[in-house]
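Asker: What follows is a single structure, and I will ask about it in a moment.
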Amino acid sequence: MKKALIYFALSLLLLTNGSLHAQKNHVRQGNKHLRNHHYVAAARSFAKAFEAEEEIAARREIAASIAMSYHKMNKLEEALLWYPDAVGEETNRIDWLTAYADALQRSGKLIEAKTTLEQALFLNPSSQEISRKIDGVELALSSLQLSNPKVKQDTVLNTGFSDYHAAFFDGSVVVSSSRRTNENNRTDGRTGEAYSSLYQSWQNPDASFGAPEPLTVGDSRNTGVFAYDRSRSRAFWTKCKNNRNRCVIMTSSFNRNSFTWSKPKQASFVAKKHHFGHPSVSNDGKWLYFVSDMPGGYGGKDIYRVSMKPDGSFGIPLNLGQPVNTESDELFPFAAGDSLLFFSSIGHSLYGGLDIVYSFNDGKGFGFVEPLLFPFNSYADDFALVMKSGSSEGFFSSARTTEEGDNLFVFDAYPVQHLIKGRVVSADNDSIIAGASIQISTVEGNISSLTGPDGLYIVSVPDYLKGSISASKESFFTENKNFDAGKKSRKGSVTQIDFELYRLDYPVTISGLVTDRETGRALAAEIVEIVGSADFTAAVRTDLRGIYAFDSLKPDQVYTVKIAKTGYFTESRLIRIPPVKYAAVFQKATGYDMDFQLIRIQEKQEIVISNIYYDLNKATLRESSKVELSKLSNLLRENPQVLVQINAHTDARGSDAYNDRLSDERARSVVNYLIVSGIDPSRLISKGHGKRKLLIMSARNEDEHQANRRTTFEVVRSDLEAPAAINQQQPENPNSLLVYRVQFMVSATLRNPAVYFQALSKSIPNLRFFVHDQNGLYRYEAGDRYTEDSAEALKNQIVAGGFVDCFIVPYLNGNRISIQEAKQIKP
């Protein structure tokens, strides 16, 4: 009996040791298959080990290996069956969590992917890589609602198997595919599908493609990623040698007359013992781009290029370096034009898996790297973008249709898109405005969108476009803004444009009359524009009486009203609307002169400047004259194409010599004032006419003498190129620590000067704002100016803008001093 018990215990031990040995053997075989990229066999071996293993921790390790094997094959649904077993209810394995999140993201389960990445970030809060992946998921979530540009699966070229690359070749497309055919039905252990081969599809007259047929260029088994060098009539493609565990680039010449290929041979720059693949020829035929894991790279597979000499020989392969290459794989390069490179990358991925990214060569090398936006990138693997030379037509591949594997997608739009996104809220209380209409207008057409329940919108445009974007909603003013996608920072491909919409039921109206100054005739159907804070804009037309009106404006704002008519001086007027709580019309009859008497641009035609007065027998301008000249400086600033002559005339009293000298000095006084107001002196000429051009030859009273003592301007030229603005920020003496500012408003309300005084800063160049808090009262100043004359001109410009309570404030070394103290300081 005792012997029997011992024999039974030994049997159990031997059985347990046998099971343990089998389990370890299956794991060992699975790891070997993984190293050799035989993922089908690896998953099978690990599955056997999982069944043989009983210990929970070990089973979780094996489950992770099974999941990763399926992950490598892009069989994501199968991978997602195993990752939860590995992760369990809790894990400290960050690598498992990030891999699981990647599979979730590439399967379109973006919310779950974000949650899983947040678990990983909790374990490693300082990880910039995990934070970047979370940003990518959020970007994917937001941009998946984009509907432009359009891409679609090609119904002819795709099969139920992996169709993963297309290349344009002499009126045809060469497709790389693992489809099963009678000639190609052996299974590739890396993918579980047939070995990849090349297939050719000819384009029909209607631009559609015919059914693909095998491309007869040598032994095409286990080949893919075709490229054609038009200048030398030769092709390149990748051929993998599984028995040697490496891929190489093959080449063959094409005879156009016989439609035959020469015997394929390995490209001469291919080195032994290393992978070479994914060839792509630049449009000019000077470069061959490819992928390799040669020593000296940055990790994984890097992108290289090699020069192609006129005789067909090759130069020395050059690694494209960083930032193009990373520690991960960079694959499928494609050069479009002479400066744009598309490629696919894991290291630069934001959306998940492989992303299609791009980089521009500025002559010093390839710079920043950015991912393409949806729909070119998705949550799945997206890769192998190619374009037809001279057009926006092209293909890319994607695994986003997970039930079908990799598929070819066709597009006909510039792939490098710029993202414009933002939020639309009410200017009253920042409340969200859902369902607001977003309209983008460009020379290539219009794009429409709506804000969602959160008030957010997102659209994309080609990155070379500029145009206008508007937000509108019933019961609100439409707000317009401009964008220039080409001027974006190359650190990002997103522009944020938010809108604050003003309600239509505000009580304020601005109204005025538009006439021709020379004839007094009302000007009907002329466009009048208004600009307010936060880039608020609107436009109306004058009616048959020449009257315009902007209704329902928000009070407590500064607006610019502007009118431009062909053949006339463009004019603008600033107006500050106080914080009224009742219906009010701001027009000439209520003390706000918003009428425009437009002046026709006519060379050599004198135009009288009203209300210009000087001290008796002097050239000194009176204060009332400076306010009027501020309007003239604004007129000249709005019309930078004109060169004007300032004319001064005297009355008939006194000698010719006296009046000539006096009128010359008065004309120069006006010019000097315009210069300190910011007008380029090269646009100004002064001339005194004395008493040579009297309007009233025998003046008998002071009114008639005053009519003769006039100051005028006339257009000398009207075709100047706009000069650069004078920078009054620079002191005449760089060592001077004396500056002048203008205090123009005191309020109990704290305002953002850049927004509230936006119209003022657009009207007056080189303007800075300063806010001082004095026990709850906020004192607003504008500056800086470095002479008292330029400060005086600034004060008058601000007065003309509707801020009448202005005075000059000098500062020495940052401390406020009096005007008298400032006058004693010599520059």
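Here's the yes/no breakdown for (1) of a type in the set (Lys, Arg); (2) closer than 21 Å to residue 426 by Cα; (3) over 36 Å from the mean Cα position of the chain (by Cα):
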| site | (1), (2), (3) |
| --- | --- |
| 543 | no, no, yes |
| 546 | no, no, yes |
| 550 | no, yes, no |
| 563 | no, no, no |
| 572 | no, no, no |
| 586 | no, no, yes |
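Asker: Could you grab me the full set of residues in region 676-707 that are buried (at least 17 other Cβ atoms within 10 Å of the Cβ), aliphatic (A, V, I, L, M), touching a strand residue (DSSP E or B) at 6+ places or on another chain (Cβ under 8 Å) and within 19 Å of residue 718 (Cα to Cα)?
Answerer: Matches in region 676-707: 684 only.
Asker: For region 47-83, what are the residues that are over 46 Å from the mean Cα position of the chain (by Cα) and surrounded by fewer than 17 Cβ atoms within 10 Å (Cβ to Cβ)?
Answerer: Those that are over 46 Å from the mean Cα position of the chain (by Cα) and surrounded by fewer than 17 Cβ atoms within 10 Å (Cβ to Cβ): 51, 54, 55, 56, 57, 58.
Asker: Can you tell me which residue is farthest from residue 377 (Cα to Cα) among those in region 457-475 that are part of a strand (DSSP E or B) and over 17 Å from the mean Cα position of the chain (by Cα)?
Answerer: For region 457-475, the residue satisfying everything is 472.
Asker: If you don't mind, another one. May I ask you to verify whether residue 328 is open to solvent by 10 Å² or more (accessible area, probe 1.4 Å), more than 23 Å from residue 414 (Cα to Cα) and not in a loop (DSSP other than H, G, I, E, B)?
Answerer: In short, no.
Asker: Return the residues of region 272-301 that are part of a loop (DSSP other than H, G, I, E, B), at pLDDT 90 or above and closer than 16 Å to residue 241 by Cα; say none if nothing qualifies.
Answerer: 274, 275, 293
Asker: Of the residues 543, 593, which single one is among the charged types (D, E, K, R), open to solvent by 70 Å² or more (accessible area, probe 1.4 Å) and within 13 Å of residue 511 (Cβ to Cβ)?
Answerer: Criteria check complete, one pass: 593.
Asker: For region 355-400, enumerate the residues that are open to solvent by 20 Å² or more (accessible area, probe 1.4 Å) and closer than 21 Å to residue 103 by Cβ.
Answerer: Listed by number, the residues that qualify are 374, 379, 400.
Asker: Find the residue count for region 756-785, including only residues that are without any contact (Cβ under 8 Å) to a residue 40 or more places away in the chain and open to solvent by less than 10 Å² (accessible area, probe 1.4 Å).
Answerer: Number of matching residues: 1.
Asker: Something else now. Could you grab me the full set of residues in region 80-116 that are among the small types (Gly, Ala, Ser) and in a loop (DSSP other than H, G, I, E, B)?
Answerer: Those that are among the small types (Gly, Ala, Ser) and in a loop (DSSP other than H, G, I, E, B): 88, 107, 108.
Asker: Taking the condition at pLDDT below 85, closer than 21 Å to residue 79 by Cβ and of a type in the set (Asp, Glu), does residue 154 pass?
Answerer: Spelling it out, it is not the case that residue 154 is at pLDDT below 85, closer than 21 Å to residue 79 by Cβ and of a type in the set (Asp, Glu).
Asker: What pairs can you find where one residue is in region 629-653 and within 21 Å of residue 721 (Cβ to Cβ), the other is among the aromatic types (Phe, Trp, Tyr) and in a loop (DSSP other than H, G, I, E, B), and their Cβ atoms are less than 8 Å apart, with a gap of 6+ or different chains?
Answerer: Listed by first residue and then by second, the contacts come to 635/569; 638/569; 639/569; 642/569.
Asker: In this structure, does residue 344 turn out to be assigned to a strand (DSSP E or B) and of a type in the set (Ser, Thr, Tyr)?
Answerer: Considered against the rule, which asks whether it is assigned to a strand (DSSP E or B) and of a type in the set (Ser, Thr, Tyr), residue 344 comes out as yes.
Asker: While we're looking at this one, here's another question. With 427, 434 as the choices, which residue is out of contact with any His (no Cβ under 9 Å at 6 or more places or on another chain), open to solvent by 10 Å² or more (accessible area, probe 1.4 Å) and free of Cβ contacts under 8 Å to residues at least 40 places away in the same chain?
Answerer: 434
The values are calculated or read from the model by the stated rules, or taken from the named source; none is laboratory data. On a predicted model such as this, the values are computed, not experimentally measured, just so you know. Note: ideal-geometry Cβ built from the backbone for every residue, glycine included; neighbour counts use all protein chains shown. The area values use the complete protein model at the heavy-atom level, side chains included, leaving out ligands, DNA and RNA. Shrake-Rupley method; radii C 1.70, N 1.55, O 1.52, S 1.80 Å.
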